1. Given bins 5 angstrom wide, list per bin the percent of all Cα-Cα distances in region 288-338, short to long.
2. Grab the eigenvalues of the alpha-carbon gyration tensor for region 345-393, scale each by 5, take roots, and send me the semi-axes largest first in whole angstrom.
3. So what is log10(I(q)/I(0)) for region 196-307 at q = 0.12, 0.20, 0.22 1/Å, when the Debye sum runs over its Cα atoms only?
4. Give me the net charge for the shell around residue 212: Cβ to Cβ below 13 angstrom, other residues only, Lys and Arg +1, Asp and Glu -1.
5. Rounded to the nearest whole Å³, what is the per residue volume of the convex hull around the Cα atoms of region 283-393?
6. Measuring from the lowest to the highest alpha carbon on each principal axis, how far does region 8-129 reach, largest first, in angstroms?
7. How far is the Cα center of region 139-198 from the Cα center of region 294-308, in Å?
8. Just from the alpha-carbon atoms, what are the Rg and Dmax of region 121-221 in angstroms?
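What follows draws every value from the coordinates through simple rules; no lab data is involved. Just so we're clear, the structure is a prediction, and the values are computed from it rather than from any experiment. Cβ coordinates were reconstructed from backbone atoms using ideal geometry, including for glycine residues, and neighbour counts include every protein chain displayed.
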Amino acid sequence: MLSKASKIAMILPNAQEGDVFMMGLGALNARNVTCFTSAREAYQVAVRQQFDFFVTRMEMPDLSGIVLVQKLRETGNYGQEVHLFVCEKLNSKIMNVLYEMDISYVLVSPFTKQLVSAKIAHVFQAEKDLPEFEQRFREARSAFQSNLLEMAESFARELESQNPTSEKVHVLLGDIASKNEQPDRMIVHYSNAAKVNPKSAVAAHKLAHAYMKRGDHRRAAQILNSLAHLNPYNIKLLENAGISNLQINDFEKAQSYASQLKTLDVKNKTASEVNVQVKIASGDFSGIADELRNSHDDKEIVAFLNNAGVKLAKGTDVRGALNMYQSCIEQLQDSKYIHAVYFNMGIAYKKLNDYENAASAYASAVRLKPDFEKAAQSLAECRQKLQETRRAS
C-alpha cells in the first residue's frame, strides 16, 4: 500500500513537468520524492535504492520509459512496486509491454495540474482498496521473487482454484516452473494461459520461451517471429527472437532483432552477443571486441569470446577458433584478462598436436599471469612432449 512515507521516483523530461506532478504528490503529503530528468541516471540510482512508486515518462531523451521499466524488472529487485506510466500517446505496442509487466495505471497527455492530481490520488486510493484476489496474487508473486517457490506455487494454486480463468495466475505458475527448470510444466501452464486469452501476446511469448528452454528453437522462432512486429518495445521478446533465430541459423532475422534492440537500448548485451555470434559463424572476427564494448566490461568481453572460441574448438573448426583467438589478442592487447585467451589458444593448438605453438601460447599466459598454475602445468607438459619428440627423431 502506498503512503506518504513511500519512496517515490519521478522520471520526467524536464523540471517544469516535474513541478506539475510534484503538486499532485504534495496534495497527498508525499515528501520522499526523487526527481530525475535522465532515465539512465534513474536506473543507476534505482538499482541501489528501493523505490515503492515510479512515475515514468515514455518519452525520455536518453532511454525510453518503457525500456527503463523492463530494465528495472530484469534486476530482480523489482516486481511489487507501483507504476504510473505517462505518455503523449498510448497504442497497442506500448500496452502489450505494460500488460506483460502488469502495469495498469496510465496517464496520457495533456498533463494539467487537475488531471495529474486526480490520477495520482486515484492510484493511491486504488492501492489502498485492492481486491482480496489481487492482494493474494501479489503475495504469491512476492514469494516467487524471493525464491520461495514452494510457497509461491501453493499460493498460486489456491488462486487458480478460486479463479481458473485468470491468465496471470497461469503465467505465474509457468514462471515458477521456469525457475524450477521444468520446461514441460512451463508449456502446460503457459498453454493454459493462452486458452484463457487466445489473443494474449504474453502467453504466446512465454510459451515460446518454454520451447527455447526445451531446445526447440525452430518452434520458438516461429512464434516469436509472429509476435515481434506487434511488440517492438518488448526487450525480452526481441532478445528471445534474436537468440532463437540465431540457433536455427537464420542470421538475417537474428541481426534484425539485434538492430531493433540496439535502437531501444544501445547497451543491450544480448543484441551485441547476437551480432558477434553471427560474425563468428561467418568466419569474420574483425571488430568483434568493439561490438561488445558498449555493453560488456573487459572481463565479460574476454569471457564471452573465450567461450565462443571453445565452442568452435570443441567442434571441427579448431582453425577457426585459433583465428578468433588471434583476432581477440590483437583487439584486446591492453586487457588484464588476455592471459585466458592465450591459455585457450594453447588448448586449441594442443588439439592439433602442434605442441610448439601450444607451448608458446601457454608461455604467454604464464608471462602475463605468473600465478596461473594450470597454464604453467600445461606449458611443462608441452615442453616435455617436445623433448620426447626430439629424442625420438
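1. So the P(r) values, bin by bin, are 4, 24, 31, 24, 12, 4, 0.
2. 19, 11, 7
3. One equal scatterer on each Cα of region 196-307 leads to -0.41, -1.03, -1.18.
4. Around residue 212, the charge tally is +3.
5. Convex hull of Cα atoms, per residue: 96 Å³.
6. The principal-axis extents, from largest down, are 33, 33, 32 Å.
7. Using only Cα atoms, the two centres lie 35 Å from each other.
8. 14.5, 48
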